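Read through the structure below, which is laid out as structure tokens, and then see the notes.
The values are calculated or read from the model by the stated rules, or taken from the named source; none is laboratory data. Computed from a prediction, not measured in an experiment: that's the story for all the values here. Here the Cβ is made from the backbone with ideal geometry for all residues, glycine too, and neighbour counts use every protein chain on show. With ligands, DNA and RNA removed, areas are computed over all heavy atoms of the protein, side chains included. Shrake-Rupley method; radii C 1.70, N 1.55, O 1.52, S 1.80 Å.
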Amino acid sequence: MPDIAKYLQRVSYILRQGTPANDVALFLPNSDAWTDLGRDFSLSKTLAGKVGGSVKAITDAGYNLDFFDDQLLAMRGEISGSTLAFGDVHYRAVVLPAVERIPLATMQKLEQFAQAGGIVIATRRLPDLAPGYLTPDADTKAVRDIAQRLFKDANAQGVFIQDESQLGIALAKRLTPDVALSPAVPEIGVVHRYTADGEIYFVANTSNQPQSMQAAFRVEGMQPEIWNPMDGSVSPAAIAEKSAAA
């Protein structure tokens, strides 16, 4: 038990440092979920069914993500450079997972994000309804107009993919994966945080078997070290190859 407690203490301390370095903000389609509630009236279960495929595709491709919804976007969402910022956390890409209903204000903010250079990807279908019984038809028309400009027009800045399994490929074409494993191992999970003087990657094997692979991290100009959470020791990490920019 002392060994386990020390392990948890070291890992918990490290993961409290700095700020999350997640690339993708995944939109929670709350309006669609309220419409499609099943007999158990579970919003969380309904949302899980709607976004689960996107979550797996994003994490398997080497990116971390956080969730956001209309309320959070309205309260704290800001365009900062080419990122969507919620306080100190900045996201380079937004994913809309088969969203049908979306408030006009949300679509307007996402269009601004794309115009600033942000990545906006819609999967399976495009938004085409503004939610709410009292919402004017003009809002629905405006949502459809933005979807047309953002995803269908000749110079569309957004990306639409019908097959959600291609989401990781679509992201990789526009943003280098934060962590690329070779060979790919879905059981390996990664948490990335950045600090003023370093980058922290917590790499965890969630399977019950040893895994062997090479990992490429999207950082430059740094000397990697391995911090052993079992005993607190620090040792240099072997570097197989550096990119030209590293």
Query raised in the report: From the residues in the range 29-66 that are of a type in the set (Asp, Glu) and open to solvent by 30 Å² or more (accessible area, probe 1.4 Å), which one is nearest to the chain's Cα centre (by Cα)?
Result: ASP66
Query raised in the report: For the range 145-229, list the strands (runs of 3 or more DSSP E) that sit wholly inside it and hold at least 1 residues that are within 27 Å of THR19 (Cα to Cα), touching a strand residue (DSSP E or B) at 6+ places or on another chain (Cβ under 9 Å) and not small (Gly, Ala, Ser); which are they?
Result: 179-182, 188-195, 198-205, 214-217, 225-227
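Quick one: which of ALA246, ALA170 is surrounded by 10 or more Cβ atoms within 10 Å (Cβ to Cβ) and at pLDDT below 90? Reasoning before the result, please.
Working: ALA170 fails: at pLDDT below 90.
On inspection, the qualifying residue turns out to be ALA246.
Can you tell me which residue within the range 138-164, out of those that are among the charged types (D, E, K, R) and more than 11 Å from MET107 (Cβ to Cβ), is least open to solvent (accessible area, probe 1.4 Å)? So that I can check it myself, show each step before the final result.
Filtering the range 138-164 down to residues among the charged types (D, E, K, R) leaves 139, 141, 144-145, 149, 152-153, 163-164.
If we keep only those that are more than 11 Å from MET107 (Cβ to Cβ) too, we end up with 141, 152-153, 163-164.
On the way: LYS141: 121, LYS152: 131, ASP153: 63, ASP163: 80, GLU164: 26 Å².
In this case the residue turns out to be GLU164.
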Requested in this report: For residues that are assigned to a loop (DSSP other than H, G, I, E, B), in contact (Cβ under 8 Å) with a residue 12 or more places away in the chain and among the aliphatic types (A, V, I, L, M), tally how many sit in the range 30-82.
Outcome: 1
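Considering ASP88, ASP69, ASP23, which residue is within 20 Å of the chain's Cα centre (by Cα) and either at positive phi or loosely packed, with under 14 Cβ neighbours inside 10 Å (or both)?
Working: ASP69 fails: either at positive phi or loosely packed, with under 14 Cβ neighbours inside 10 Å (or both); ASP23 fails: either at positive phi or loosely packed, with under 14 Cβ neighbours inside 10 Å (or both).
Going through ASP88, ASP69, ASP23 in turn, the sole match is ASP88.
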Query raised in the report: Taking the range 232-246 only, how many residues are in contact (Cβ under 8 Å) with a residue 12 or more places away in the chain and under 28 Å from ASP3 (Cβ atoms)?
Result: 3
Report summary line: Contact list, first residue from the range 194-206 and open to solvent by 50 Å² or more (accessible area, probe 1.4 Å), second anywhere and among the acidic types (Asp, Glu) and not in a strand (DSSP E or B), beta-carbon distance below 6 Å, six or more apart or interchain, is THR206/GLU187
